[in-house]
1. Suppose the filter is surrounded by 12 or more Cβ atoms within 10 Å (Cβ to Cβ) and at pLDDT 90 or above; does residue 39 pass it?
2. Would you tally the residues in region 101-136 being modelled with pLDDT under 60 and within 14 Å of the chain's Cα centre (by Cα)?
3. Quick one: in region 54-74, which of the residues that are more than 16 Å from residue 124 (Cα to Cα) and touching a strand residue (DSSP E or B) at 6+ places or on another chain (Cβ under 7 Å) is modelled with the lowest pLDDT?
């Protein structure tokens with residue numbers, strides 16, 4: 001089986017998570033500067049087989065799109081144009097940052113490490129991907 005790659009896309013940073021080859025477990029692999037996301041993907045896809053992209057879908061409490069959705073739609077268009085054979089699915093990402101922060105606390109990370117926004121983005125991407133796996 002091929003892997004599934006998930007993104008917690010942000011204006012400055014994008015957290016990235018991936019499944020194992022059996023698509024049972026999600027784990028964070030990196031946080032990259034958003035401007036470098038396609039450099040990262042070209043490198044990653046040259047050595048790994050990926051069959052699906054999962055992109056977080058930020059929503060307001062009333063289920064309407066958040067302000068960052070405009071940026072994400074642009075990212076999805078570029079992703080589709082660059083990698084047309086890999087389908088894209090969306091997963092509601094509400095509360096993933098809070099869940100990621102709580103996971104860091106529960107995991108015993110020191111306050112200094114919990115301030116690492118890149119780590120929060122990576123954990124958020126992992127939560128998005130694990131949510132997809134749990135739903136399917």
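1. In short, no.
2. Counting residues in region 101-136 that are modelled with pLDDT under 60 and within 14 Å of the chain's Cα centre (by Cα) gives 0.
3. Only one residue fits best here, namely 65.
The values are calculated or read from the model by the stated rules, or taken from the named source; none is laboratory data. Worth saying up front: this structure is predicted, and the values here are computed from it rather than measured. Cβ sites come from the backbone with ideal geometry, for glycine too, and all protein chains shown count toward neighbours.
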